[in-house]
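See structure below.
The values are calculated or read from the model by the stated rules, or taken from the named source; none is laboratory data. Model, not experiment: these values are computed from the prediction. Every residue, glycine as well, gets a Cβ built from its backbone with ideal geometry; the counts of neighbours run over all protein chains shown. Each accessible area value is taken on the protein alone, full model and side chains, heavy atoms only, with ligands, DNA and RNA left out. Shrake-Rupley method; radii C 1.70, N 1.55, O 1.52, S 1.80 Å.
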Amino acid sequence: MRLQFFGAARTVTGSKHLLTLDSGKKILLDCGMFQGRGKDTFTKNSQFPFTPGEVDYIVLSHAHIDHSGVLPKLVKEGFRGNIYCTSGTADLCEIMLLDSAHIQVSDAEFINKRRKEEGKDTIEPLYTVEDVYKTLPLFKEISYNHEFKIDDEASVTFTDAGHILGSAVVNLKIKEGNQIKKLAFTGDIGRYINKVLRVPQPFPQADFIICEGTYGDRKHDTIATMETKLQQVVEETCLIKKGKLIVPAFSIGKTQELVFCLNKLNFEGKLPKIKVYVDSPLAINATEIMKRHSECFSPETLEFMKKDPDPFGFNGLEYVRDKEASQAINRRDEPCIIISASGMANAGRIRHHLRNEIGNPRNSVLIIGFAEGGSLADRIARGDKYVPIFGQDHGVKADVYKTDFFSAHADYEELTRFLTCQNPDLVKKLFLVHGNEEVLLNFKDKLLLEGYRSIQVPREEEEFRV
Ligand SMILES: [Zn+2]
């Protein structure tokens, strides 16, 4: 069979890897969107480098948009097969793809306004809500650790990757002639820390591995638990300075981990009696889905839930869905915590909160996630004295804290630990994807020391025989 890389090759987004069996069958691993502000991003997302109607089926590692985001576009262009994934991934994809469709439509409207003024042809959105509704029935849910026979040529087993709800390592067994070839695609790999979800689980020995390497050259904070750091920031901001703590957070994953952490502090009597707002409709929907999937929770979370059955709710915590209630938070002048999206602070309600609060030295901003260079969260994190919000410069007087504790991605030590379930002598080829070029080449050097002999860092569209 042949394996070709059409995204996340020496870059971090657009995950799409195409397997073509000798029989001609085509299996697509992930169907992710290219993200970022590069000029060619829209073009890369609007044309597939293969024929969508020729793909027989898709196996999806997890719901993040850079892994699932152009599925509705693929369906719009003729894909009719099944999309195999875990139940958590299917549930999250529903809300994430619908949210993405709204963004695609409003982005196209914005671009078309300018194009009309310039006398140019208008563009179509990548996809619409209708395309998402045509995609959702194609999802087929498979539980973790259960070998599912897709057809006479292929079976799949999902093992937990510990990255976000539903995230999985895709373990494929492909029958070609008399041979069974085992290919593992890690998707994104989570951290070995105390969190709501399970840590990454070992996966069966594979002949070929496609492994992510986002932080293949990085070591995360070494703090033992987030609770201690969070308690300190909350006390300094809300008790000593009597200010507001603003936290830009991704709606899915980070918001729930943060709420879980605050819930624990509250349960132990360590959280001051202040209001905590989760101001993001998507985060509220994601939290509801998270509650339904306790099969993905860590043993520690399940143990904690024996004492506190609702780990995402406590006295003082308020989920804010409507716009009016969101605006009302800005008018309240009392210590509180505001968690809002987006995580990079480039869009969403968080910008209103930052505009109102960032100029006040009583307040603090806590950056807990990855922020693309030049994004508002990145500018705040790197200590810019002035930041542009809604086209106007605002002086940063609030204190700024940052931590990468909540990163959903393993660092190089954790990635290496994750791979210790494999015997390197039995791995014929290891492909490194989902990382910047320099990072992946660096990670490759580290893994050569672990005994892996054939490590490839594929380029966009590069093809290998496996
Ligand atoms: Zn991911």
**Item:** Of the criteria (1) more than 16 Å from the ligand (Cβ to nearest atom); (2) within 27 Å of the chain's Cα centre (by Cα); (3) surrounded by 13 or more Cβ atoms within 10 Å (Cβ to Cβ), which one Tyr452 fails
**Value:** (2)
**Message:** I'm trying to understand the selection: among the residues of region 160-174, which are open to solvent by less than 10 Å² (accessible area, probe 1.4 Å) and away from the ligand (no atom under 16 Å from the Cβ)?
**Reply:** Leu172, Ile174
**Request:** Answer yes if at least one residue in region 31-43 is among the hydroxyl-bearing types (Ser, Thr, Tyr) and within 17 Å of the chain's Cα centre (by Cα), and no otherwise.
**Result:** no
**Request:** Would you point out the residue of region 127-156, among those that are part of a strand (DSSP E or B) and open to solvent by 80 Å² or more (accessible area, probe 1.4 Å), that is nearest to Gly81 (Cα to Cα)?
**Result:** Glu141
**Request:** Could you grab the pairs with beta carbons closer than 8 Å, sequence gap of 6+ or different chains, first residue in region 147-169 and on the phi > 0 side of the Ramachandran plot, second one within 16 Å of the ligand (Cβ to nearest atom) and β-branched (Val, Ile, Thr)?
**Result:** Gly162/Ile189; Gly162/Val199; Gly166/Thr86; Gly166/Thr89
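Here's the yes/no breakdown for (1) more than 16 Å from the ligand (Cβ to nearest atom); (2) assigned to a strand (DSSP E or B); (3) out of contact with any strand residue (DSSP E or B) (no Cβ under 8 Å at 6 or more places or on another chain):
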position: Tyr401; (1), (2), (3): yes, yes, no
position: Phe405; (1), (2), (3): yes, no, yes
position: His409; (1), (2), (3): no, no, no
position: Arg417; (1), (2), (3): yes, no, yes
position: Thr420; (1), (2), (3): yes, no, yes
position: Glu438; (1), (2), (3): yes, no, yes
**Candidate set from region 175-196 (those that are buried (at least 22 other Cβ atoms within 10 Å of the Cβ) and in a strand (DSSP E or B)); member that is nearest to the ligand (Cβ to nearest atom)** = Phe185
**Prompt:** Are any residues in region 10-30 among the hydrophobic types (A, V, I, L, M, F, W, C), open to solvent by less than 10 Å² (accessible area, probe 1.4 Å) and assigned to a loop (DSSP other than H, G, I, E, B), and if so, which ones?
**Reply:** Leu21
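One line per residue, one yes/no per condition, for (1) more than 19 Å from Pro248 (Cβ to Cβ); (2) touching a residue at least 12 places away in the same chain (Cβ under 8 Å); (3) open to solvent by 40 Å² or more (accessible area, probe 1.4 Å); (4) in contact with a strand residue (DSSP E or B) (Cβ under 8 Å, 6 or more places away or on another chain):
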residue: Lys306; (1), (2), (3), (4): yes, no, yes, no
residue: Gly343; (1), (2), (3), (4): no, yes, no, yes
residue: Ile350; (1), (2), (3), (4): no, yes, no, yes
residue: His353; (1), (2), (3), (4): no, yes, no, yes
residue: Ile358; (1), (2), (3), (4): no, yes, no, yes
residue: Ser375; (1), (2), (3), (4): no, yes, no, no
**Request:** Can you tell me which residue among Gln205, Gln201, Gln231 is part of a helix (DSSP H, G or I) and surrounded by fewer than 24 Cβ atoms within 10 Å (Cβ to Cβ)?
**Result:** Gln231
**Asked** Name the residues in region 31-81 that are of a type in the set (Gly, Ala, Ser), within 16 Å of the ligand (Cβ to nearest atom) and open to solvent by 10 Å² or more (accessible area, probe 1.4 Å), would you?
**Response** Gly36
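Quick grid of which residues meet (1) surrounded by fewer than 16 Cβ atoms within 10 Å (Cβ to Cβ); (2) small (Gly, Ala, Ser):
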| position | (1), (2) |
| --- | --- |
| Ala371 | no, yes |
| Lys385 | yes, no |
| His394 | no, no |
| Asp404 | no, no |
| Leu432 | no, no |
| Glu463 | yes, no |
**Asked** For the subset of region 290-304 comprising residues that are charged (D, E, K, R) and either open to solvent by less than 30 Å² (accessible area, probe 1.4 Å) or touching a residue at least 24 places away in the same chain (Cβ under 8 Å) (or both), which member is farthest from Glu141 (Cα to Cα)?
**Response** Glu300
